[in-house]
Structure formats: C-alpha cells, structure tokens
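Student: Take a look at the following structure, please.
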C-alpha cells in the first residue's frame, strides 16, 4: 500500500482497504440478506465521496504538475495510478457480489429484478403505459456532437447516452452517426414496481427507457444506448480571507461544485468503444477513471430496496437503544446530572437524554442561556427546534453552525437562517477552521447560584444517526469542566486567543500537545521499568508526528493497542519499529465512530473522549475538543468497552505489516462479537439497575413535605 521502504501506509490506499472490509460484510453469508445489500450500497456511496474529495484533490495536484511526496513516498500521479488499479479490483468485487451472490438470493427472497426476456405481455403493456404517461412527458433528449459544448450532467445522477444513425439532410446517400443524451436529473426512485404475483418484481427506470427508446427517435435507427453516471470534483474551498459574507460564498461554492471537473465515468460494460470514447472526450476523463460495470450503474441506489417489507429473517435482530438507568424519565434531566457524571454509549444507550437536555432547557424558566455547536444534524431536528423555542421565549441562545461541513452545507445554511429568524445568535464557525467540536452548555440559575450543565460528545447532534453510530456522550455539571466549556465557547465566538484550560484541551491549540504529553509520559514510565500502556479508539490515524511518537513508544517497550475503524497510515509489526503495536478494525452493523483514549499513566489511569481523529486536519485545521473522564465508574466502563474490541473473534480484523487485514485468531471457546456483547451487557446493566431500584423503599410523602 506504499513504498516498501516507507514506515507509512498511503492514506488513500488504506481507506480503500477499509471499504473492502465493508464489502466483506456484504459477502458474508451469515449476515441477513438485506443487511448485506445495505453494506454493498454503503461501499458504493463511500466510493462516491472518495472520488469527489480524495481523488478530485489528487487530480487537481496532478494537473498542476505537483511532484510532492506524501508520507508514504508517492507522488500524486503514482497515487492516482495505484488508486485506479485498486479501485477497479474493488468495483469488480462489488459486481461479483451483487450479480453472483446477492441478486440470486434476492430473487429467492421474493425481490426480483426482471430481465427484458422475462417480461410477460401484461408487463410489457405496463411499461409501455409508464413510458407514455410519465417518462416520455418528463425526460427530454439532448442532441450532442463531437467538439460541441457538452451539456452539464448533474453530479452522481443517472443518464442514458444514445448512438443514432440517420441519413444526412443534404445528401440522403450519406449515413451520419450522432449522439443524444437523456439525463434523469434528481430521481425519486429508479425502482419501478411491476405487476406480478407472489413476489416484488421491478425494473430500473433506465431499463424502461431503453425498452422504449425508439419512441424518442422514431425516424432514426438506434444503434445502442448505454446508462452512465459522472462524478464531479467536490474538493473545492473558498478563500475565507476574501469572503465578505461567508453564507453567500458557501452558496456560490455549492453551485460551483455542480459544474466542476468530472473525476469518474461509470458506464455499462455493454457500451461500445465508440460510445465510451465519445463520452470520454466530451467529459475529458482519463482512461484510468473510466469504470465499465457489468450490472446496474450506481449500486448505492439499492439502499432503497433494503426498506422493502420482506421477512424479518432478512434483517438484523432489532436492538433498540436502552434508557440509561442513570437518567430517570420521571425527573428532570438537571436532577440526574447533578447527582453524578453520566456517560452514555450510543447506540446501545439512547440519545434521548441529550435531546432532553436541550428540550427541557428551552422550557425551564430557570435556564438563562444555551450555547451549542452544530456540525451535522437530522433533517427534522428536535434539538434545532428546541433552540429556536428557547430563543423565542427570551433565553439567550448562541449557536455555532458550521457552514463548511462538507455535503451538509445546504442543510446547515437553512438551519442557520431559521435559527436567526427565531432570535438565536448564530456564528458560522471560525475563519480558516472548521468547528468540529461537539458541545452544549446550559446555564441555569439555582438556589446555590449559577450552575452550568454541559454535554460533550464524540458524535453529531443527530438523533437519527445516533441509532447507527457508536459514540460517547458525557453529561456533567462539574465546576471546572463547566468553566472550561464556557471559556472555550466564548473564545470561539469572541475570536479571542484561546485560554489555558483547567482540564480540557482544544485544537488547533493544545490538543496535539496534550496527546504528545500523554504518549511521552508512557515512554518515561516504561524507561522507569513501570508498566506502560496506550489504548486508543479512533476512526482514522494519519498524523505523521503522532505516528512517529507511537513508534518511539513501541521501541521503548510500551504496549500500544489501537482500534482504528478506517484509515491507518501506521505500519504495525515491523521489527525494531512497531512490533509492540497492534491495530484492530471492527466493521459491523453499527458504524464505529467514538474516539476514546486510555493511558495507564503509572497506574493512575487517564481516559479521554474526543471529537478529533489523529489527522493533521483535526489537530491543526479544526476546532476540536479532548475531554477527560475522571468519574471512576464512567472511566472503568469506557475501558471495559475498549477492551471488548480487542477480543472480537467474529468481526475483528488485525492490520498486517503489508497493509492487509486478517481476522483475529479464533479460539474454539471464544466467539465474542464486540457489538453484540456490548448490547447484551447494556441490557444486563439496565436490568440490574431496575432490580436494584425495586429493593429500595420509597414512601409516599404527605403534600407539602416534598
């Protein structure tokens, strides 16, 4: 995955190996069928973003003639060649999975993708009606010629290219070849249900268009038609130092993406070389970025099919989030937080307490102010609605809405405007940085004085994704953490110099230094012949300085265990360099998203949660937080959770020195699957708490004696 002499893996190739692990889930026959189809669709969606951002950026460097080397020793050109080779193999695996494994299994489960030679007369009549009533009136062919300005094809939308033959207008003896495009635009669905008995049968919209294509061109000979899709470069940025109005600049950036360079062309493999060459010339796509696929273009669309109401045996067993026993639904959230720090591990535990904090704060007459960051939220967000209500009722509400959250810019612009209209003081982040920290502060007037209730998180304020992403929430009213939280927030909104915090650390000033300090401390403990351990759970590990320091720790004899979901540029297991480092990845039904750090620290165990991965962008170009978890039960629970990932003999994969992943060695008596174990442990934890409550006498109090 890199120069064999390098101590680093290439970042892009490492990410592609992660996507391969996701695809491996789609190929695992022990997983329910529709869940496998979801994993396949996710790999396709992942590749879309990879091309738009990572490949798009590399192509820009390549076109500019850059010869700069990445940390693995590869130039942009070398990376693009390696990416193309690896991605073509990945795409071939995707279609083999779909055509040879999933499609036959879907048919057996009653979900049948019909072929043209399988249509009954009544089905043929049905699609003719669909075409006449809907498609012919909606879609419009566009004539195109070689050398002419090519019409703008919408990013990631399906289109059909038609090659036609006709007699020349000025000379009937001359036969001309011409092309036409039929862009589909924004589709509500590509899946057209067909009349059938005993199963759900469907055709894709482009197949109906192809079946009736001659109706668009009644006087010409249709030589062929092929479905294709373009992916455009989204690795674009604004010059914030020159932006008078960031919101307007972001709107212009969104528009610019729609017309940016094409970085990938996907097209059905049945297309002739002549037609493919025409599209390549017109779109200016390099040979290596053409993907001829033997099945439906855009497998991400099949996510729609996973919602079809087939049998429960084709889906995962339901694991509903459990209500934390530390939060009594019958009392206000402030009373619960006042008793002790509360750590929630989502999605095993419900995100409801976080939503309740904001909702109850919006109604509570004793709440003076709410301060919160928003990076990605749901489309209909109860948290945003509560913030608006709070401002409307006269509370002081300040929100940092990060407009530069990639691919969520439009939604965040809408939220920013709606919050401003409600009277919320809205900030668009910090100039030159993305605000990625997850923090909510509620300032409340209480008999003993002003109290600050704070939520720190590793994930977004999105109650929908909280059911499928694993993340940590810390709810606290600790005085020093509250003071740090307010100081941090005010530094961001006040454009002031960051202060020295008591306990938290913030990027881009201080967070990197705190991580380095903690790793170096473990090295010193080891040199003093004490036990030294580092255990970290992250999404990505890319930063060269941190990796080099982990190598130094390994060489000193420190035991380093890393649970890295996705990209990992560190090479474990190299003699004399990293033989004391183990890297494990877990890909399962929930997306591993939490960032948790644990340092043995001479026996005085230190645990932190963070919004930041160990990447230069997070440590140097984003506003992030690192928060200590000092409450002993909470700290111990997070350590136990992390331990489970290194014991997973079902989904655990170990990174090898050559960049490939192998299953954790199975033991006959150990079939632990971390996510399953965590869910059942959470259920057990809740049951024990409920049983404990039943053994406590709770007298009825006379009115007035409460």
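Student: With the convex hull built on the Cα atoms of the chain, state its orientation-averaged projected area in nm². Numbers along the way, then the final one.
Tutor: Working: hull surface 152.5 nm².
Hull-based average projected area comes out at 38.1 nm².
Student: Now a separate question. So, in Å, what gap is there between the alpha-carbon centers of the range 144-189 and the range 106-137?
Tutor: Using only Cα atoms, the two centres lie 25 Å from each other.
Student: Report the percentage of all Cα-Cα pairs in the range 1-109 whose separation exceeds 23 Å, rounded to a whole percent.
Tutor: 37 percent
Student: Ratio of the range 333-503's C-alpha Rg to 2.2 N^0.38 Å, to two decimals?
Tutor: Working: Rg = 15.0 Å, N = 171, 2.2 N^0.38 = 15.5 Å.
This ratio for the range 333-503 stands at 0.97.
Student: Rg/Rh for the range 450-528: what does it come to with C-alpha atoms and Rh from Kirkwood?
Tutor: 1.06
Student: Something else: In a Debye calculation with equal point scatterers on the alpha-carbon sites of the range 552-670 and no solvent, what is log10 I(q)/I(0) at q = 0.12, 0.13, 0.16, 0.21 Å⁻¹?
Tutor: Values returned for q = 0.12, 0.13, 0.16, 0.21 Å⁻¹ are -0.50, -0.60, -0.92, -1.44.
Student: For the range 542-587, what is the convex hull (Cα atoms) projected area averaged across all directions, in square nanometres?
Tutor: On the way: hull surface 11.4 nm².
The number I arrive at for the range 542-587 is 2.8 nm².
Student: How tilted is helix 246-258 with respect to the longest principal axis of the chain? Cα atoms for both, answer in degrees (0 to 90, nearest 10).
Tutor: That works out to roughly 40 degrees.
Student: Have a look at the DSSP beta bridges in the chain and tell me what percent are antiparallel, nearest 5.
Tutor: If I count the DSSP bridges inside the chain, around 70 percent turn out antiparallel.
Student: Angle, helix 409-421 long axis vs. longest principal axis of the chain, Cα atoms, 0 to 90°, nearest 10?
Tutor: Here the helix axis deviates by roughly 50 degrees.
Student: Evaluate E = 1/(1 + (r/R0)^6) for residue 318 and residue 690, where r is the Cβ-Cβ distance and R0 equals 22 Å; express this FRET efficiency to the nearest 0.05.
Tutor: Working: r = 20 Å, r/R0 = 0.91.
Efficiency, from the Cβ-Cβ distance: 0.65.
Student: Give the span of the range 66-154's Cα atoms along each principal axis, as three whole-Å numbers ordered largest to smallest.
Tutor: 61, 44, 18
Student: Could you tell me what a quarter of the Cα convex hull surface of the range 54-205 works out to, in nm² with one decimal place?
Tutor: Details: hull surface 60.2 nm².
So the mean shadow area of the Cα hull is 15.1 nm².
Student: What value, in deg cm²/dmol to 500, does the helix sum -39500 (n - 2.57) over DSSP H runs of n ≥ 4 give at 222 nm once divided by the residues of the chain? Could the numbers behind the result be given before it?
Tutor: On the way: 19 runs with 237 residues, N = 706.
Roughly -10500 deg cm²/dmol at 222 nm, from the helical runs in the chain.
Student: Taking the Cα atoms only, what angle lies between the long axis of helix 511-527 and the longest principal axis of the chain, rounded to 10 degrees?
Tutor: 60 degrees
Student: When the Kirkwood radius is taken over all Cα pairs of the range 107-188, what Stokes-Einstein diffusion coefficient follows at 25 °C and 0.890 mPa s, in µm²/s?
Tutor: Working: Rh = 16.1 Å.
Translational diffusion coefficient: 152 µm²/s.
Student: Stretched out fully, how many nm does the piece from residue 464 to residue 335 gain, at 0.36 nm a residue minus the Cα gap?
Tutor: So the extension gain works out to 43.8 nm.
Student: Can you compute the equivalent ellipsoid semi-axes for the range 407-496, i.e. the square root of 5 times each eigenvalue of the Cα gyration tensor, sorted largest first and rounded to whole Å? Kindly include the intermediate steps, with their values, before the conclusion.
Tutor: Values: eigenvalues 113, 69, 40 Å².
Equivalent ellipsoid semi-axes, largest first: 24, 19, 14 Å.
Student: A further question on this structure: Taking Cα centroids, how far is the range 259-334 from the range 46-102 in Å?
Tutor: Distance between centres, Cα-based: 17 Å.
Student: Ok, one more. Compute the normalised compactness of the range 63-103: alpha-carbon radius of gyration over 2.2 N^0.38 Å, N being the residue count.
Tutor: On the way: Rg = 15.2 Å, N = 41, 2.2 N^0.38 = 9.0 Å.
For the range 63-103, the normalised Cα radius of gyration is 1.69.
Bear in mind that the values in this text are calculations on the coordinates, not laboratory data. This one's a predicted model, so the numbers in the text were calculated from it and none came from an experiment. In this analysis, Cβ positions are derived from the backbone assuming ideal geometry, glycine residues included, and neighbour counts consider all displayed protein chains.
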